[in-house]
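This report concerns only the one structure given below.
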Amino acid sequence: MVSIQLDIIIIFYGIISGLFATIIMTLIQIIAWTKLHTEGILEWHENIKLLSKINKKTNYSTQYSFIFHFIHGSLGGIGFAIVLETLNLQQYPLIIGILGGLLFMGIILKIHKKITDLDPIRHPLGYKPFLVSLISHIIYGLTLGYFYNILI
């Protein structure tokens, strides 16, 4: 019984940490968005394109992509917490957080062109979308690890 309660608490802390890290990440991306617009924020652009493929009758704005953005961030927090606790890596939350952020960045690089028809490496806006995504994912990972460590 104690193990089940502990697991629920760990998952809850993962969700809260993931949400907080996504808020910090999003604030950084909003600053970049003012200059690069939606196509310049790789994961926002992916989310809008995915929504448009689901429902072709609606023209989705950037705000709609936040729903997926925060769901992904929360799920990332759960995954982070499970990895940290299952592999007994609680002493390395910042390192595991950064690695998790880089893993998410790698997934974005892998799927971006398939979803948006834009190559994230040879992006029409140059290197800036890649750089914004890289920096914001590293900050997501650091924030995730730091905040989770405080909660635990």
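The values are calculated or read from the model by the stated rules, or taken from the named source; none is laboratory data. This is a predicted model, so every value here is computed, not measured. Here the Cβ positions follow ideal geometry from the backbone for every residue, glycine too, while neighbour counts run over all protein chains shown. For accessibility, only protein heavy atoms count, side chains too; no ligands or nucleic acids. Shrake-Rupley method; radii C 1.70, N 1.55, O 1.52, S 1.80 Å.
Taking the criterion of being within 15 Å of residue 25 (Cα to Cα), in a helix (DSSP H, G or I) and in contact (Cβ under 8 Å) with a residue 24 or more places away in the chain, would at least one residue in the range 48-57 satisfy it?
Looking through the range 48-57, none of the residues is within 15 Å of residue 25 (Cα to Cα), in a helix (DSSP H, G or I) and in contact (Cβ under 8 Å) with a residue 24 or more places away in the chain.
Looking only at the range 109-134, which residues are touching a residue at least 60 places away in the same chain (Cβ under 8 Å), open to solvent by 80 Å² or more (accessible area, probe 1.4 Å) and outside any loop (DSSP other than H, G, I, E, B)?
Residue satisfying the conditions is 128 alone.
With respect to residue 67, is the statement that it is in contact (Cβ under 8 Å) with a residue 24 or more places away in the chain and either among the aliphatic types (A, V, I, L, M) or buried (at least 18 other Cβ atoms within 10 Å of the Cβ) (or both) true?
It is false that residue 67 is in contact (Cβ under 8 Å) with a residue 24 or more places away in the chain and either among the aliphatic types (A, V, I, L, M) or buried (at least 18 other Cβ atoms within 10 Å of the Cβ) (or both).
Do we find that residue 31 is in a helix (DSSP H, G or I), of a type in the set (Val, Ile, Thr) and exposed (fewer than 15 other Cβ atoms within 10 Å of the Cβ) in this structure?
yes
Take the range 135-152 and flag every residue that is crowded, with 21+ Cβ neighbours inside 10 Å and out of contact with any Phe, Trp or Tyr (no Cβ under 7 Å at 6 or more places or on another chain).
Within the range 135-152, 136, 140, 141, 145 meet the criteria.
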